[in-house]
Structures are given as structure tokens and as C-alpha cells.
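The values are calculated or read from the model by the stated rules, or taken from the named source; none is laboratory data. On a predicted model such as this, the values are computed, not experimentally measured, just so you know. Reconstructed Cβ throughout: ideal geometry from the backbone, glycine too, with neighbour counts over all protein chains shown. These area figures cover heavy atoms from the full protein model, side chains too; ligands, DNA and RNA do not enter into them. Shrake-Rupley method; radii C 1.70, N 1.55, O 1.52, S 1.80 Å.
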Amino acid sequence: MFKYLILITLLLTSISGQAKPLSFAHFSKGAEFFTVKLSPDGKYVAAITKLDDKNALIILNRKDMSMKHVVKFDKNEQVGDYDWVSNERIVLQRGYLKGWSDQPHYYGELMAVNADGSRGKYLMGYRAKQQTGTAIKRAEIVYGSSWVIDPLVEDEDHMLVATYPWRGSKTNTRVPVYKVDVFNGHKKKVADAPTNLPNYLTDANGVVRLAISTKDYVSQNILYRSKAKEKWQELKFDNETFTNIYPRAFSKDGKSLFVSASENGQPDGIYKFNVTNQTFTKISSHSTVEPTQVYYDRESGSIYAVEYEDGEAGYQFVDKSSKLTKRLKGLLQALPGHQVRIISSTLDQTLQVLWAGNAKNPGDYYLYDGATRKLSYMFSNKRWIDPKLMAQTKGIKFNSRDGKTIHGYLTLPNNKESKNLPLIVMPHGGPHGVRDTIGFESKSQMLANNGLAVLKVNFRGSGGYGEQFERDGHRKWGAEVQYDIIDGVKHLIEDGTVDKNNICIMGASFGGYSALQSSIIEPDLFKCAIGVVGVYDLPLMFEEGDIQRRTEGENYLEAVLGTDEKILKDFSPVHNIEKLKAPVLVVHGKEDERAPIEHAENLMAAMDKYDHPYEYLEFKDEGHGFYKAKHREIYYKKVISFLNKHLEF
């Protein structure tokens, strides 16, 4: 009798499709462990984890993974990024949970503590006083945001810190670099490049030799010096051939730079640039995409591997003689079907922490011991996620209406035939300089778990496919960029994957803009649209929000949007609601500074004017994204509830 009950259960499961969807909390929970780093000698492992819904730093004895110390802060304070500055000492940022950002806000405070919890010290920051609930001691006040640019791990007493002064956002601001004592906070200025808000790069000896700045977040200005205390000079390149040049590291001898660069507008490759004779030597490139990860051999001072993602992750091994090449190849074989990244190493590179994940697995952390050749599991990013229950994602490509090759990703629900599926189109944010990848992504998996296919399109303007492809999206936000998204949908309709009468579109930030704009351009294609923390009024971007507050931001908006008022309004959903047919769900954080809530309010006012159907969900203490897991759970529930009213799935 029992075997017949099993057979009936299997038949019912087959008839009904997939099993009951997992809970929304399953997908809304944040990562349990992340930012894992070995101490320079490998005695300890540190990681960020959640305690009382806030980030805390745990320090473990590496040999037995027992707890050594925990660093946590009070009230709305939490641990930010951190660095090992010696075998025994860590310097960490203190962040604040604020509503106006999708990430904790950082005011530039740096603390230090030994691995055993001793010698806690407030090194730099505006609140130089005894810290309640911690062993952090007093230091001098610094009115600026401080960032560690080089931990100088071979100097047990010092690190290099760049401090960005708190001044007017539209004034030219030089940024000093200090050599800071990691025990008492005493500092000495070692660099101060004559350019606005630069990022700095040090050589193998810890000398600050490059300063990289921008006037518009599109192009870079690079200052160079051959040694400390020498005068800064602009680094000139042959810009007719090589553009989009960005330094990544100095060679071991300090005479050359490893840079990413676009040759004749093609996707960025990795080159070795000789500063003296101004020559570029290619190390690695891909015909379609730019590098996603570059691996350096500290011992030889060379690059041994470059990772690319063209539909799926792939690796070019450019130094076949390196022992680390053989090691990475072996790790990939040991963890088949996974993207493998070495994320931390001891100073001698014997011990390494690696992350392994894919579209179905948010990631596991392993420790590799080069001396014993042993690979040991440590912990998982999200241990409650069972990869076997997650949906598969695959890379796709299609031709746009004007003949460009456009790439994207399609996530398909389990236990459903890939035919006539309900579809959610999910354009990414940005839109420039960023792209969608094949890695695990909670929203897509949540939607697929509820029986929906998900399409992501790396439309023109996206990063990762070459400088020319990215610039092709400038001033095309409301037209060609949206055409690429729409053409991707039509491609899936034509090949029979999706049902043309069962499609909605949703996105966040620029993706929210695209959800509305694409629905205006193709009013009969989408049954509904969901805009999340979106920008819906392009002229308003020049008046409100954090982008336009800086001169660089103003220049950026002029470069990527233009200043023609008519075009800006033609490209703005707020000014074209009469063309919209799809019912809309608007989701916004009241404290959003990137896309101020006026965008949502103006959109709803325009829909009210035309009596257009919409629903609204507001989070009063969230900003440009939803940091709190409970808010993400509410958001996911609302999305599925809304989609249920307009799609069949």
C-alpha cells in the first residue's frame, strides 16, 4: 500500500508542476558570513557576520576555528570594512545604519584592536572620545572620511590612510595621505596630490605613486611620480589607440604598471604599461567582455590568471609557470561547476581562503593549505539555501533591431517546460559601468521559485562589454537602451520560451526607470510594471539627489543625459503617462538620496491625473534599496501579490 501512496504523490507533484514555493524569508535574509580574511601569518581568520541584525567582526583561531574575539558596536553602529595591518592587529571602520542609504553610512572613523581583543584604540575620526560599550580609547579629532589605502602588513606599526576632508561638495578638494601609527593614531603626511578627490595607488614598497581622479565619472586623470617626495606629473597615454585606462597595480620593480585599457574601443584587456618608454604589452583580453577578476602572484610580482564572464565564468591562465596557476586549476577541478575566487592569502601565499559559488549557490568558503594540499570547508554565505532547489540561469544573446549583439541571462523555473513561460523582465540599475552577471541573485531566485522566468539584459550602456558599447548608451536612456530590453523580450517570444500575453517588467533605480519607460514605449507588451526606488523625471535629476551635488556629478549627468529639456521630458515617464497601459506598483524608500522620493511622488501625481491604476509601498526608514531583511520580505510578498493580479503562474 505504501508504494502506491508514493506513486500517487509523485504523480500529483508532476501534474501540479513544482512543489510549494519556499518562504519569502528564505530569500530576504542577508548573508551570514562575508568579507573573510586571513591574518598575514595565517594564525587567524576573520569574517563579518550578523549579531543582533548588525555587522560584527569575528576573529577565529585558524587551526581549530575556535572563537578568539568578537568586535561589535552599540545602538545603530556596526562594523564596516577591515584590514589586517599586522599578524596580530586589525583596523576596522565603524559604520552607521541610516535610512538614506542602501548600505551603512561611513563617516570615516577608524578603530584598531588586537586579535585577542586587547589594545583597542579609536585611531581617526570626528568622535575622538571614550566609546560606550567598547574598549576603544581616545584619539585626536579628524574631520574627514579616512580610508586605508595600504595596510603595510610588513610594517607592524604603521599603515597608509587617505583622508577626504569634509568640505563643500562643489569645491576642489585635495586629499592628504598619512602614515598612521596603528597603536596610537599619530600620523605624518606622506602625500598630497594636486587634484580633486583622488584615489591613490602604492607600489610594492608602500610608496604612494599614483593619484587617479575624474571630472565626470566617465574619464580619468592620472598623476604619477617615480618616488616619494618627487613632483607629481600627469601621466600621458596614446589616447588614439588606448582609452579607458585604469591602473591596477605596480610591477614588483616599480617601473611598470598593470592597467586595464580599451584598445580601439574594444572590451578592456589587461596590459603592462612601461612608464619610461610609454609602451603597452598585452597580457590578456577577451573578444566580448572585460575582466571580472585579476590574480596577482605576490612572490613574482606578476599576473598569473584573469577571469572573464561571457555567459559563464572562464579563466585565462597567462603565467603557466606560476605555482598559483597550477593551484587555481586544481581548485577549479576540485569544485566543478563553480566559479572559484581566491579572496585572501597569507603573506607567503601558502594558505588561501577561496569563495566558490554559482547561479544556484550564493557561495561557500574554503581554506586551502598549499603545504598539505588540503582543501577544507569553512562556512557558507547563506547556509539555508539548498542549491538543488534553486533555478538554473543561462547566458543568452540576441541581435538588437539595429544589429548589435546584446547579451543577457535567463533564469528558468524548476519543474516547468521551457515553453510559453510567464516572464519577469528585470533591467539592472546604473545604468553605466555596471552589468548583470551569472551569479546567485535573490530576487531572481525568489521569482523563479514562484514559477516565473526572469530575463536580465545587458543593454547598450552597460559596463563590461567595452568602452564603445558603454558610451553607445549615453543620451539614449529613453530610446535605444529600452529597445535593447524590448528586443530581448521579443527574442524569447519568437523562440517560444515565453508567453507573449504573460509578461511583466520590474527593476530598481535605473531598472525602475526602465520598467516604466519600456512599458510606455511598448504599451501592449507588458501586463504590469514595478518601479523600485526609480528615477522617473530626468530633469529633476539636475535639481534633486546626491549626484548633482558635486561638480563631477553635474558633469556626469550632462555627459550621459544631455541638457535638451525637450528630450529629457520625452524620455521621462512622468511626462508620458498618457501612453502607459500597464498597471504599476511603485516601491520607494522615504529617505532615498540617490533617487529622492519626489520621483515617486511626481510619478503617482501624473498617474492620478490620468486615473491610471497603481499601488504604492513605502518604507519610511529605508533609502536607495532595502537594507533590512524584514523590509525585503515585505517587499517580496507585495511583488508576488501584485504579479498574481496581472499574470498567470
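Annotations for the structure displayed:
- Looking only at segment 367-425, residues that are surrounded by 12 or more Cβ atoms within 10 Å (Cβ to Cβ), outside any strand (DSSP E or B) and hydroxyl-bearing (Ser, Thr, Tyr) come to 2 in all.
- Within segment 277-289, residues that are farther than 14 Å from LEU235 by Cβ and open to solvent by 80 Å² or more (accessible area, probe 1.4 Å) sit with their Cβ atoms under 7 Å from residues that are small (Gly, Ala, Ser) and modelled with pLDDT of 95 or more, at 6+ positions apart or across chains, in these pairs: LYS282/GLY269.
- Qualifying position, being more than 24 Å from the chain's Cα centre (by Cα) and among the small types (Gly, Ala, Ser), among ALA629, ALA595, ALA600: ALA600
- Of the criteria (1) outside any strand (DSSP E or B); (2) of a type outside the set (Lys, Arg); (3) touching a residue at least 40 places away in the same chain (Cβ under 8 Å); (4) surrounded by fewer than 21 Cβ atoms within 10 Å (Cβ to Cβ), which one PHE73 fails: (4)
- Looking across segment 471-513, the residues that are in a loop (DSSP other than H, G, I, E, B), charged (D, E, K, R) and more than 17 Å from LYS456 (Cα to Cα) come down to ASP472, ARG475, LYS476.
- Filter pass, LYS320 being out of contact with any Lys or Arg (no Cβ under 8 Å at 6 or more places or on another chain) and assigned to a loop (DSSP other than H, G, I, E, B): yes
- The lone criterion from (1) surrounded by fewer than 19 Cβ atoms within 10 Å (Cβ to Cβ); (2) at positive phi; (3) outside any loop (DSSP other than H, G, I, E, B) left unmet by ASN244 is number (1).
- Extreme residue, surrounded by the fewest Cβ atoms within 10 Å (Cβ to Cβ), among residues of segment 22-40 that are closer than 20 Å to HIS631 by Cα and among the charged types (D, E, K, R): GLU32
- Number of the exception - ALA261 against (1) modelled with pLDDT of 95 or more; (2) open to solvent by less than 40 Å² (accessible area, probe 1.4 Å): (1)
- Hits in segment 41-70 - residues which are under 18 Å from TYR627 (Cα atoms) and without any contact (Cβ under 8 Å) to a residue 24 or more places away in the chain: THR49, LYS50, LEU51, ASP52, ALA56
- Flag if ASP216 is over 23 Å from THR173 (Cα atoms) and of a type outside the set (A, V, I, L, M, F, W, C): no
- Complete set of residues in segment 435-454 that are closer than 19 Å to THR497 by Cβ, of a type in the set (A, V, I, L, M) and more than 19 Å from the chain's Cα centre (by Cα): LEU447, ALA448, LEU452, ALA453, VAL454
- Members of segment 114-162 that are at pLDDT below 95, of a type in the set (Val, Ile, Thr), surrounded by 14 or more Cβ atoms within 10 Å (Cβ to Cβ) and closer than 17 Å to HIS186 by Cα: ILE136, VAL142
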